[in-house]
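Just so you know, all these numbers are worked out from the coordinates, no wet-lab data involved. Bear in mind the structure is a predicted one, so any value in this text is a computation, not a measurement. Counting neighbours? That spans all protein chains shown, and the Cβs are built from the backbone with ideal geometry, glycine included.
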């Protein structure tokens, strides 16, 4: 007997993203090949602007709201827990600032539906479009993750990823901030989850948002702590 | 009496009063009040009559009472920082759990 088609939940953490969120939500597909349904879940992480209102106004979007800002990692976890409650079989996480393209969704989801991997990582091109600090930081963290956990990746810090609900149970992270992407990889390596990297397009709207050099140092400190078993 | 001794005694006495105010506001309990009054009261006495504590300095094998106070102060500060760190972590965890529970409760009530 064939397995029923999975519900795909797209988890979008958003903090003060009223500028980019409506465009992102309107670009999301209402159906994906091999999926029974597609449900976007916006996690408004303590925004002070109209993020939650705009997300609620979008058709078919579920909205959960953190009363205070907890950070990207916490927002992704809340969104993933919401996805499980809604019965999702596949969870996609993508940034709320519109840097990821909805057009890449099928490439991330299809390998999971076909059972080719448990986790799919979107890999950003290391082109000149990527801010120099991000390129450098990503290189350092890629090296650290390879050296400490033995995973060779083209982009260890990308935020556009997809995983099965069963994989999420093993990935469940504690990081509240930008260390979440790295913690996912640590759990992925330790739990022996199968993964694929797929190239994605990225548009950098605001170079001063997202991971900053200090966040990079914070992530590096976390990586060392995780290696030491904490 | 050197001015610094007097200043230290006045500061410690002011902190004794502050601890009492915090007790009256219900911010510390009876045991907390007693602990802080003993700590600050001890410092008032040590500031005004350092000779009384000189014997403790000798027992601890430090030359001066000031050195002993500094060492004890650093130990106290270190343990206070550690306690506050743990407390902040616990508090942070509780806030995260509460905020997440509230957010997911909204999901249950939101028909979508």
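Worth a mention:
- Qualifying helices (runs of 4 or more DSSP H) (wholly inside the range A:1-94; at least 1 residues being in contact with a strand residue (DSSP E or B) (Cβ under 7 Å, 6 or more places away or on another chain) and within 12 Å of chain B (Cβ to nearest Cβ)): A:51-57, A:72-85
- Among the residues making up the range B:1-27, a single one is without any contact (Cβ under 8 Å) to a residue 12 or more places away in the chain, touching a helix residue (DSSP H, G or I) at 6+ places or on another chain (Cβ under 9 Å) and outside any helix (DSSP H, G or I): B:27.
- Residues located in the range A:76-90, provided they are crowded, with 24+ Cβ neighbours inside 10 Å and more than 17 Å from residue A:183 (Cα to Cα): A:82, A:83, A:88, A:90
- Residues in the range A:56-75 that are surrounded by fewer than 16 Cβ atoms within 10 Å (Cβ to Cβ) and in contact with a helix residue (DSSP H, G or I) (Cβ under 7 Å, 6 or more places away or on another chain): A:67, A:68.
- Any hit, the range B:28-36, residues being part of a loop (DSSP other than H, G, I, E, B) and surrounded by 14 or more Cβ atoms within 10 Å (Cβ to Cβ): yes
- Residue list for the range A:30-55, restricted to those being over 19 Å from residue A:168 (Cβ atoms), surrounded by fewer than 24 Cβ atoms within 10 Å (Cβ to Cβ) and touching a helix residue (DSSP H, G or I) at 6+ places or on another chain (Cβ under 7 Å): A:33, A:54
- Of all residues in the range A:165-174 being touching a residue at least 60 places away in the same chain (Cβ under 8 Å) and within 13 Å of the chain's Cα centre (by Cα), the one that is farthest from residue A:71 (Cα to Cα): A:168
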